[in-house]
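Beneath this line is the structure, given in structure tokens, with notes to follow.
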Amino acid sequence: MYIKRDYSQPFFSNRRRRRGFWRFFLIYIIGIAAFLFFVDSQFSRLQMMALSAIGQAPEPTPFASQLATDALTAYQQGNIQVAEDLLARAVEQQPSNIDYLYEYGRMLIANEQYEEAVGIGERGVQAAPNDPRGYAIQARAMDFAGDSANAIPVAQAGLQIDRYFAPLHTALAGAYSSISRYQQALDAGEEAVRLDPNDPDARRAYAFALIWVGEFEAAVEQLERAIAINPNLAAPYFELAIMYRSLERYEEAIATYELVLSMQPDNIRAYLRLCETFFQVRDDSQATGYCDDAIQRASIDPTNPDLAEAYRQRGQIRYSRRNYEGAIEDFEQCVSLGSEDIECWYLRGLSHYYLGGEHCDEAWNILNDSMVRISQQGIGEPVLTNTLDGLRLVTDNCSAYFGRALPTEIPPTQVPPTPIGG
């Protein structure tokens, strides 16, 4: 049989070819869409894989537990700021975890961030009302922030939960000392040390209570033991050195400050305290050198309160050496930085008086301004008498002020503040 073929038509059907083409095209489009969806949904992961391949991937965010562990290590090494920053990140990850809130509060207190620590203590109480740690942080921070009377019931509320938690007794020891209830402070400090003899904060609080009742040698022993527990923390060294100075053990005080500098070579406060100590023993050359060091380092941050204090201390050295021009320069720097230290006022006025002549006006005005500040701040002797004597000298020896009336109001003597190290 013969089949006649029309060679004008293609051998394969166009219809079949077109159907295969559209099926392939549809599968291709679906594949592209699926690929783009995968890339979009897994972009961060794919980006990290690509960066890792070329060695530029960022470090993964550590868990809160790892941050807390690293913070504890930093604290043991004396790096309080690092520990605080790490625990802040841990709390950010787990804002209601009392473990992290408590340790973060401790670091804030150690770093003198008292108002923030009060807030963290309150958060701890809210997050875990049956845990004593939030109460301990809140009470301790309130005491340091100047709200000592109200800190006591907070600590006592914590004791209702756990009367054997040593930091609550530590908080009570500090608060009772601040409101002059010294026997209660001694009892609380002793109990804190008994419950946790390896807590340096307990021994420091007990030492402050001992200081207020005149047990200076016992206080020294407690501070020395606090340092032995963790020799990398700077704060107890400052407190111990102050005690050495009060007992006229100046060589030991100087050695203690130098130990701080061996751990923290840029510790401005240590340079400043060495300046004060050498001035106390009348080694003015050494004192000036350490004040210069303090000013140089503190000048990096003009808001650092140690800068004004360093100028004030160097001004006192220059004043005692009768370098009145230099003293005036330092005291003016002290005032320009916003310091309320009365020495920067009345000693500046006396310096102007001793320069005489055209300085009489400055002496009179500054000494009168000093009297106002003395009255406002409740400052007593010897500053009051020295300032009045300066005004009297101006009226006796500066012709423009002969016969001028002197201030007669005698301000009350201010109660001395709680002795805090540093």
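Every number here is computed from the coordinates shown, using simple stated rules; none is lab data. Keep in mind it's a predicted model, so treat the numbers as computed, not measured. Heads up, the Cβs are rebuilt from the backbone with ideal geometry, glycines too, and the neighbour counts pull from every protein chain shown.
Tabulated data
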| item | result |
| --- | --- |
| Sites matching GluC sites (Glu not before Pro) across region 333-391 that sit in DSSP coil, with at most 13 neighbouring C-beta atoms within 10 Å | GLU340 |
| Förster-model FRET efficiency, 41 Å R0, GLN93 and GLU224, C-beta, rounded to 0.05 | 0.60 |
| Rg/Rg_globular for region 81-160, with Rg_globular taken as 2.2 N^0.38 Å and Rg from C-alpha atoms | 0.99 |
| Environment charge of GLU215, counting only residues whose C-beta is closer than 12 Å and scoring Lys/Arg +1, Asp/Glu -1 | -3 |
| Whether region 118-191 is rounded, prolate or oblate, judged on the alpha carbon gyration tensor where a/c under 1.5 counts as rounded | oblate |
| Loop-resident sites, region 288-344, for trypsin sites (Lys or Arg not before Pro), counting at most 13 other Cβ within 10 Å (DSSP) | ARG321, ARG322 |
| Largest-first principal axis extents of the Cα set of region 266-371 (Å) | 41, 29, 19 |
| Mean Cβ count within 10 Å, highest first, over the residues of peptides 63-76, 134-147 | 134-147, 63-76 |
| Normalised contact order of region 86-243, rounded percent, pairs of Cα under 8 Å and 6 or more residues apart | 13 percent |
| Relative contact order (percent, whole number), region 169-253, Cα cutoff 8 Å, 6+ residue spacing | 22 percent |
| Placed amide H near ASN304: partners under 5 Å, 5+ positions off or other chain | none |
| Per-selection metrics, region 199-316 (Cα): Rg and Dmax in Å | 14.6, 41 |
| In order through region 234-240: 3J(HN,Hα) via Karplus (6.51 cos²θ - 1.76 cosθ + 1.60), integer Hz, x for Gly, Pro | 7, 3, x, 5, 4, 5, 5 |
| Charge context of ALA83, other residues only, Cβ under 12 angstrom, K/R +1, D/E -1 | -2 |
| Over region 331-401, relative contact order from alpha-carbon pairs under 8 Å, at least 6 apart, % | 28 percent |
| Net charge of Cβ neighbours under 12 Å - reference VAL383; Lys, Arg +1; Asp, Glu -1 | -3 |
| Loop-located trypsin sites (Lys or Arg not before Pro) in region 165-254 whose Cβ has at most 16 other Cβ within 10 Å (DSSP) | ARG249 |
